[in-house]
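Here the structure is laid out as structure tokens; the discussion comes afterwards.
No lab work stands behind these numbers, since they all come straight from the coordinates. A quick note: this is a predicted structure, and the numbers were derived from the prediction, not measured. Here the Cβ is made from the backbone with ideal geometry for all residues, glycine too, and neighbour counts use every protein chain on show.
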Amino acid sequence: MLPQQPRRVRPSSSSARHRRNRALTTTSLFICLGVLGFLVVVLMRTQGALGNDLQARSVDELGRLVGMLSQEVDRLQQEETDLTIKAIGSHYELRSDTEVVTRELETLKALEVLVGAVPSRGDGVRLLIGDSENHLSSYEMCLIINELRSAGAEAIVMNGRRIDYDSGIGGKPGRLALQDSPLVTPLVVEVVGDREALLSAVKMPGGLVSMLSQLPGVEIDVETAADISVPPRSYGLRTFDYAVPID
């Protein structure tokens, strides 16, 4: 008895359709994935290009902004420098004007004291001069005034009257007069100035004390004095007809 051949099993029609559907689905899936990948690549490239463009624009705009700010800073710095220079110039001009006015006021005050336009006071020395035999003449009186001025006297008062730059002493011995006002002895001469310098000048050998002591009957004592009061001129200021100040 011959062996039997195995029977071939043919796939059914439903199985074949299932395999075809599966293959079609797989193919469709691959196609979709491919399309999706392509779209993703295109999108990424588009976004990259847009990003680069935006970045390039941002850098350009930032550069322009930085340039504008730099120009504005330079302008403000130049303006600040100009204002600083003007302020310094104005300060020095104002200080210069103030210094000039201050010096002029100081000069005016000194001139007022010098000419006796205002009363003044200060420390100095006091001379008591006796002349029992009337030997003092106008020459000795002028010598006394000139010696005191040479020693640094800033103001001189004789018998309560101020000695000015144009004061005149005249008359005969025993009948001397200061601007027509009699000078009686003993004379009281008060001098405002440096005490030490004045004392040294009048007491030095050959100085005022030495010269006056040689006259018969003339005695002189010198002492320091504090807070000497100097009156103003007893007559008006002198007017000048020919001498005029230079502008």
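A simple count of charges around Val218, restricted to other residues whose Cβ falls under 9 Å of its Cβ and scoring Lys, Arg +1 and Asp, Glu -1, yields -4.
The string of couplings for region 206-221 from the Karplus curve (6.51, -1.76, 1.60, θ = phi - 60°) is x, x, 5, 4, 5, 5, 5, 5, 7, 7, x, x, 9, 10, 9, 10 Hz, one whole number per residue in order, with x for Gly and Pro. Only aspartates and glutamates eight or more places from Lys203 in sequence, or on another chain, were considered; those with a Cα closer than 20 Å are Asp123, Asp131, Glu140, Glu147, Glu154, Glu190, Asp194, Glu219, Asp221, Glu223. For region 105-118, the Karplus equation 6.51 cos²θ - 1.76 cosθ + 1.60, evaluated at θ = phi - 60°, returns couplings of 5, 5, 5, 4, 5, 5, 5, 4, 5, 4, 8, x, 6, 10 Hz by residue, with Gly and Pro reported as x.
How big is Rg to Rh over region 120-230, alpha-carbon atoms, Rh as the Kirkwood inverse-mean-distance radius? Before the final figure, lay out the partial values.
Details: Rg = 12.9 Å, Rh = 13.8 Å.
Taking Rg over the Kirkwood Rh, I get 0.93.
Give the shape of region 179-229 as rounded, prolate or oblate, defined through the alpha-carbon gyration tensor: a ≥ b ≥ c are the square roots of its eigenvalues, a/c under 1.5 means rounded, and otherwise the shape is prolate if a/b is larger than b/c and oblate if not. Verdict is oblate for region 179-229.
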